[in-house]
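As structure tokens, the structure follows; a few thoughts come after it.
The values are calculated or read from the model by the stated rules, or taken from the named source; none is laboratory data. Only a predicted model underlies this, so the values are computations on that prediction, with no experimental measurement involved. Positions of Cβ are backbone-derived with ideal geometry, glycine not excepted, and every protein chain shown enters the neighbour counts.
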């Protein structure tokens, strides 16, 4: 029986934790962008509630960016970010919901993540092999996308603020 290198496993667990926190930051910033967009709509056109699920948030923001004239100069950049987030959502599911069913430790740690029970609708997620480096690189990408979302929210907010009366 091969001895388990717990130090390398702990390194993988830290990387997953970093990813989870990075993804939470990204979703918070997506929420801020959705709220910012909602505020520039006329009150009679504002949705009474904003979506909670990632897929619905992405759809909401995309629809508003495509429809609102005030957002047209940001349309291409925001939609590109939304597409990248959508592409990363399966990776997020693998990292967050995948159980570590196999560890290969050595100079580099590779972990196989899998889920047993899955929805019957849609393709099944196959086990995926991932290294600490790959998880960290994905976290970096997620943090960058979140930063870009925040930049757009700040720009839109600044651009669409009503001038203050003295």
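Things worth noting here:
- When residues in region 128-164 are screened for being loosely packed, with under 11 Cβ neighbours inside 10 Å and in a loop (DSSP other than H, G, I, E, B), 4 of them pass.
- Any hit, region 34-48, residues being surrounded by 14 or more Cβ atoms within 10 Å (Cβ to Cβ), under 15 Å from the mean Cα position of the chain (by Cα), under 22 Å from residue 145 (Cβ atoms) and at pLDDT 95 or above: yes
- Among the residues making up region 116-127, a single one is surrounded by 10 or more Cβ atoms within 10 Å (Cβ to Cβ), more than 19 Å from residue 9 (Cα to Cα) and touching a strand residue (DSSP E or B) at 6+ places or on another chain (Cβ under 9 Å): 125.
- With respect to (1) out of contact with any helix residue (DSSP H, G or I) (no Cβ under 7 Å at 6 or more places or on another chain); (2) under 14 Å from residue 152 (Cα atoms), the lone exception for residue 41 is condition (2).
- Matching residues, region 51-107, being loosely packed, with under 14 Cβ neighbours inside 10 Å, in contact (Cβ under 8 Å) with a residue 60 or more places away in the chain and outside any helix (DSSP H, G or I): 106
- Of the residues 24, 10, 15, the single one that is within 14 Å of the chain's Cα centre (by Cα), part of a helix (DSSP H, G or I) and more than 24 Å from residue 160 (Cα to Cα) is 24.
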